[in-house]
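One structure below.
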Amino acid sequence: LDWARQWGGRRNERSVQSLAFGTHRKMPEEPLLTEEEREVDVCVLGTGLTESLAAAAFARAGKRVLHLDRAASYGGTYRALTLAELEEWCAEGQDAGDDAAAEEPQVASADRDISGLTAVDLEVAEPPSCFRARQLKWDPFDAHSPEDRDAKRAELLKRSGGFSIDLVPRLLFGRGDLVDVLVESGVARYLEFQGLRSARVLTPSGIVSVPLTKSDIFQDPLLTLPEKRILMRFITSMTPFVGSLAFESPAQLGVDQAQKLAGPSDERAEGLQGIDMEEPWVAFLQKQKLSARLQDFLTYAICLWDWSQQPQSAETRRPEQTLSTREGLQCLGRFVSSLGLHGRGTGMPLLYPMYGTAEVAQGFTRMCALHRGVYALRTSAAKLLAEEDEKEPGHWRAAGIVTHRGEVVRAKMVVSSCDHFLQKTEAGSEPEETEGTWCKRMTVLADRPLLGAEGLNLCVAPPGAVDPPLANVVQVLQCDWGTGTCPQGYNVLQLSQAGYGDVGSEDPFEDLQRVLEMLLKDVAEDDAKKACLLRCCYIQRPRNLRTRWRTGEQPGAVLADCAARQSLMLCADPAAAPQLLFGDEVREAKGIFLGAPVFGGEAPAAEEFLQKPLHVAMEERASGMEDLEFFNEQMQEVPAASGDAQVAESAAAGLSAHVAEPSLAEGAGAAADDGAAAGGAGG
């Protein structure tokens, strides 16, 4: 409650009070919002990452924001669950059926006159989820006696609060849009990250590490000498395009590291002579004389491509699933250009948010609240209010919502997740999706690491790693207590596999199970299967935004017109592919912000999206000047000892330019110094 009061008074205090009394308590019927809180510029429904980014951007720009969520916690489809919540979540999916919506709560009448507006009824109960076919089993290999299994379950449920298990686990690259936004907005100060320790590949002979730097390549005991030479030649030839701190010496880079290495781009790719950018990536690698093993390393562990590129899958592979040379170089550059940017003692370019992906979304909700955004949990939208556009008669624009408690909220714009927006019709809920990309997910709780090493590790299983071959690539993320995911002594493994169209299998999780069994065999212990304490499986299928209303009916046509005129904006579900990487959330939120009608005739500039607060910029500038003064003092002592004054002056000049224009790496480091560590040793 102290936290709620700090964030802004009675509204949050009462929302947290409702959370404290339990998740099964009915939604309160009495009004929660004050008269002032009902008059806003933007009403946001759902606290997923995209919605939270957009809410923070509007609040930072000085707009009045009301942010609602029907759940009792933040994160939406990006949320993380305790162990007890995970068990309950799976049980709800099995009992109610994955396609059935939750029981609809009682809806109160509007407490204001809305006769001059058009009200479109929305589903108040939670609509069918993007997570289907949920199942959970303790001791999935029946390696324990029923008594031991029940005793272990009871012991772990007592420590349920020590678990924070992602429904949609996500990693982010050290160089990318999301990191830029985190640093520029100052939200990085609220977060901590762990750096991935290694990238590994599952082969028929076991798990092997992927070499990432020059020294790793030369010291790798598995690669043959010809493979090392060919791989180094390939990396050297691609360096002008991808660039990496890991392949440059400190003498070459000087003090201004990150700014001297531009990320990959099509313009830089034009400098690669004699390369057909539309040629399949596998054919390009074959021309470089890379072995099949190195091709798997680059395609699946470095590029992190989600789709099988094996010849036998060519007939069933969709055109967008074939990796072209252009896309392959972009993925390679995305990975390699992030090497060495964050953390000490690790070259891994991937970062994992401590305590789960939901923490990133919650960081932006905190920023929104600090800029006078209003938050209310356990609140649903029962109606969307629309009015005819005065400037263009015959067209509609969103005018607000009516909550399930009957509170009339007037807003110039409504932004919503799929979980919070579905037109209510007599025909029932939305039809089940049978097209599009889906992702099979398996969460495993183990009492020991299964990827050959402790800590945060990533392993990919190419299709040929198992006989018979897998239908597609399987990615495995291992989190331990250092990530805040589970108590010490346990590991949470997230296995995933992408697909398209109809799942069409009696056992949709067969490939994931086969990979899990191979990982257990690699443990090389007689009781390896006893290590697997729990297995939870489900299918993530993002919902189609075009099915949230029925355009053949008048209410649906009103919603469609509001969406076309951008006074109603829907946010997509988390992408099923890439399986473990943040996708287009920043781009989607920025598009919502820049196209919003709340700015009148003056559209905001792109750089105004989550622009860094002035006080944060001043603090970072002061910190940079202190570093510069300390560095100059040290350099004045160096010439006396070495006699090389020219080197000291050159280094000092470089640092001065570096402070004047802070780089991405410097910004992340400044945030880490203020309490937000990025990477295993601090970012």
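Structure notes:
- Taking the criterion of being assigned to a loop (DSSP other than H, G, I, E, B) and in contact (Cβ under 8 Å) with a residue 12 or more places away in the chain, the residues of the range 578-595 that qualify are Pro578, Gln579, Leu580, Phe582, Asp584, Gly595.
- Qualifying residue in the range 234-245 (condition: in contact with a strand residue (DSSP E or B) (Cβ under 7 Å, 6 or more places away or on another chain), open to solvent by less than 50 Å² (accessible area, probe 1.4 Å) and either at pLDDT below 80 or part of a helix (DSSP H, G or I) (or both)): no
- Meets criteria (open to solvent by 10 Å² or more (accessible area, probe 1.4 Å) and over 26 Å from Cys439 (Cα atoms)) for Pro319: no
- Filter result (crowded, with 19+ Cβ neighbours inside 10 Å and within 26 Å of Gly76 (Cβ to Cβ)) within the range 135-155: Leu136
- Pair list, Cβ under 7 Å, 6 or more apart: the range 45-58 residue in contact (Cβ under 8 Å) with a residue 60 or more places away in the chain and farther than 21 Å from Arg410 by Cβ, other residue among the hydroxyl-bearing types (Ser, Thr, Tyr) and assigned to a loop (DSSP other than H, G, I, E, B): Thr47/Tyr74
- Number of the exception - Val476 against (1) over 17 Å from the mean Cα position of the chain (by Cα); (2) closer than 17 Å to Leu581 by Cα: (1)
- Considering residues of the range 559-577 that are over 16 Å from Thr50 (Cβ atoms) and in contact (Cβ under 8 Å) with a residue 60 or more places away in the chain only, the residue surrounded by the most Cβ atoms within 10 Å (Cβ to Cβ): Cys562
- Residue within the range 538-545 that is of a type in the set (Lys, Arg), open to solvent by 10 Å² or more (accessible area, probe 1.4 Å), in a loop (DSSP other than H, G, I, E, B) and farther than 30 Å from Pro319 by Cα present: no
- Selection within the range 432-473 - open to solvent by 10 Å² or more (accessible area, probe 1.4 Å), more than 26 Å from Val503 (Cβ to Cβ) and among the hydrophobic types (A, V, I, L, M, F, W, C): Ala453
- Residue list for the range 474-508, restricted to those being among the hydroxyl-bearing types (Ser, Thr, Tyr), open to solvent by less than 10 Å² (accessible area, probe 1.4 Å) and either in a loop (DSSP other than H, G, I, E, B) or modelled with pLDDT under 95 (or both): Thr483, Thr485
- Strands (runs of 3 or more DSSP E) within the range 360-425 that include 1 or more residues over 16 Å from Cys43 (Cβ atoms): 381-388, 396-403
The values are calculated or read from the model by the stated rules, or taken from the named source; none is laboratory data. The model shown is predicted, which means the values in this text are computed figures rather than measured ones. Don't worry about glycine lacking a Cβ; one is built from the backbone with ideal geometry, like all the others, and counts go over all protein chains shown. Surface areas here come from the heavy atoms of the whole protein model, side chains and all, with no ligands, DNA or RNA. Shrake-Rupley method; radii C 1.70, N 1.55, O 1.52, S 1.80 Å.
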